[in-house]
Every structure is written in C-alpha cells, then in structure tokens.
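Colleague: For reference, the structure I am asking about is given below.
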Amino acid sequence: MELPEFAPGLTARVELTVTDADTAQALGSGDVPVLGTPRVLSLAETATVAATARQMPGGVTTVGTRAEVEHLAPTPVGRRITALATLAKVDGRKLGFEVVVRDGEEIVAEVRVERVLLDRQRFIAKAQGA
C-alpha cells in the first residue's frame, strides 16, 4: 500500500446548522438545549476527513485515534456554525489536526484530532475478525 503524502497547512471547512438533534439533551451528554459536545467532536472529525479526501487514493483511509475537545461557548438551536480543520503535523502515518469551531466570530470550540493513515480493506477485515 502506497501512502499519500500530506503537508501541514492542508485545510477544509464544514458547516452545520444546529438542530434539536444536535443538542446535549438529544445526545445524552447533558440536559441543556444547546449544541452538545459529542456533536462538536463529530463536526471536527468531519472537517478532518474532508481535508484529506481530495488527495486520498483508493484503498487508503484514515481513522481517528485521539481527540481533545475544549468546548468553550454554548450554541443555541438554529445557529450556523463552521469548523475549520488545519493539518498541523505529519508524523509518518499520523496526521495531527487543529480544528476551530466558530459561531460567526465567536470561538465555540477548539479540537485537536489525530488520524492514522491505513489500508481500508485490511482495517475492515481486522474489525470483522478475519
């Protein structure tokens, strides 16, 4: 398997309009009707996947192996947020991303995500016990 080469500075941006399904109440991570931390992490990971997607050859994928979330501000239902992922570090197969989630100019969260490049089929076979 030939792994692609990624350079720090690669970016991708994704957006989300917060719905009732995205709230801490709905996700079971709290009892308030604002954007839940699990959804923040999911959005951040979506942005990291998007950052590498354009250069990812067939048969290769990335999986998340580590994440650190600082959820800094509440976001109510109906607000549109953006997550900007930037590839900050490449260490062999490990890709380290910094993600900033914003509601307009306000920083909602800062997330660090580590992803690892691997052979997609081999990973799936291992997961299925083959």
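Just so it is clear, none of the values below were taken in a lab; they were calculated from the coordinates. As the structure is a computational prediction, the values presented were derived from the model and not from experiment. Here Cβ is always computed from backbone atoms with ideal geometry, including for glycine, and neighbour counts include all displayed protein chains.
Colleague: To test your reading of the geometry: what angle, between 0 and 90 degrees and rounded to tens, separates the Cα axis of helix 37-53 from the longest principal axis of the chain?
Modeller: 40
Colleague: Given springs between every Cα pair under 10 Å in a Gaussian network model of the chain, which of 64, 36, 104 has the largest fluctuation?
Modeller: Maximum fluctuation in the GNM of the chain, among the listed residues, is at 104.
Colleague: Give me 32, 90, 101 sorted ascending by neighbouring Cβ count inside 10 Å, so fewest comes first.
Modeller: Details: 32 12, 90 15, 101 30.
By the 10 Å Cβ count, ascending: 32, 90, 101.
Colleague: Additional query: Anyone know which of 102, 115, 66 comes out most mobile in the 10 Å Cα GNM of the chain?
Modeller: Ranking 102, 115, 66 by mean-square fluctuation puts 66 first.
Colleague: Between residue 80 and residue 93, what is the spin-label point distance in nm, taking each point 7 Å from the Cα along the Cα→C-beta axis?
Modeller: If labels sit at residue 80 and residue 93, their model points lie 4.0 nm apart.
Colleague: Just to confirm a number: summing +1 for Lys and Arg and -1 for Asp and Glu over residues other than residue 116 whose beta-carbon lies under 14 angstrom from that of residue 116, what do you get? Could the numbers behind the result be given before it?
Modeller: Numbers: positive: 66, 89, 93, 94, 115, 120, 122, 126; negative: 45, 91, 114, 119.
With Lys, Arg at +1 and Asp, Glu at -1, the neighbours total +4.
Colleague: Using the Cβ atoms and a cut-off under 14 Å, what net charge is assigned to the surroundings of residue 34, where Lys and Arg are +1 and Asp and Glu are -1? Intermediate results must be reported in sequence, preceding the final value.
Modeller: Numbers: positive: 39, 79; negative: 20, 22, 31, 103, 106.
Counting the neighbours of residue 34, the net charge comes to -3.
Colleague: For segment 11-127, what is the Kirkwood hydrodynamic radius in Å, using each pair of distinct C-alpha atoms? Mind showing how you got there, number by number?
Modeller: On the way: mean 1/r = 0.0676 Å⁻¹.
One over the average 1/r among Cα pairs gives 14.8 Å for segment 11-127.
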